[in-house]
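Okay, structure first, notes after.
Since every read-out is calculated from the coordinates, none of them should be taken as a lab result. Values in this document were obtained by computation on a predicted structure and should not be read as measured data. Cβ placement follows ideal geometry from the backbone for every residue including glycine, while neighbour counts extend to all protein chains displayed.
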Amino acid sequence: MLSYLTLGITYAFAAAVQPGPFQAYLISLTLLTGWRRTLPAVFAPLLSDIPIACLTLFVLTQVPPAAVDALRLVGGVFLLYLAAGAARAFRHYQGPRPVTSRPAQRPLLNAVVVNLLNPNAYLGWSMVIGPALLQAWHLAPWYGVALVVSFYATMIISTAILLLAFASALALGPRVGRALVGLSALALAGCGLYQLWYGVTTVVRRLW
């Protein structure tokens, strides 16, 4: 179970602290309306990911186990690709760039829509979380529960901490954000290497 908890925590932390459409929207909302009105929006992934997860798991359960193993290998490469992008962002970090238009007045609903249109959610579920969840559930249902709970708990807590930091301590400057992006690069690289190692060992066991 520890390996699935680690995967959920590290991948969620990396996803939460890296600049993206969802983070940009929340930062904009925080700067414009304050953290109290924005904080409920950190729960948006719990709602937006329901159809994404259902669609992904339905497709993955219809394919042979070898295809899921292949997806785990692809997911490992994808995580290393994200780690390389995070490393580049770390070297050239200039702080998050919030969107310029004024957000509407329904933060949670709008955040759900933003995340539904975010391709990272689909890629993450199809290449990382989905295959890992099926494998964990096959070993023991509690392993799968631990993976999902650790992922979303870390995502929500990390995002909330970031919003509070922006709201109360904008003077922290780009150094804190740069350090978080650097940590996310290391976390993504570790997850990617683990995914590749697990995928390769699984394929070898199936062949032998």
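Summary table
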item: Integer Hz, Karplus 6.51/-1.76/1.60 couplings in order for the range 44-53, x for Gly and Pro; result: 4, x, 4, 8, 5, 7, 4, x, 5, 5
item: Full-extension gain in nm, residue 200 to residue 120, via 0.36 nm per residue minus C-alpha separation; result: 26.4 nm
item: Computed lengthening from residue 88 to residue 208, 0.36 nm per intervening residue step minus Cα-Cα distance; result: 39.2 nm
item: Pairwise label distance in nanometres, residue 142 with residue 50, each label 7 Å out on the Cα-Cβ vector; result: 2.8
item: FRET efficiency, residue 149 to residue 175 (Cβ-Cβ, R0 35 Å, nearest 0.05); result: 0.65
item: Full-extension gain in nm, residue 61 to residue 183, via 0.36 nm per residue minus C-alpha separation; result: 40.6 nm
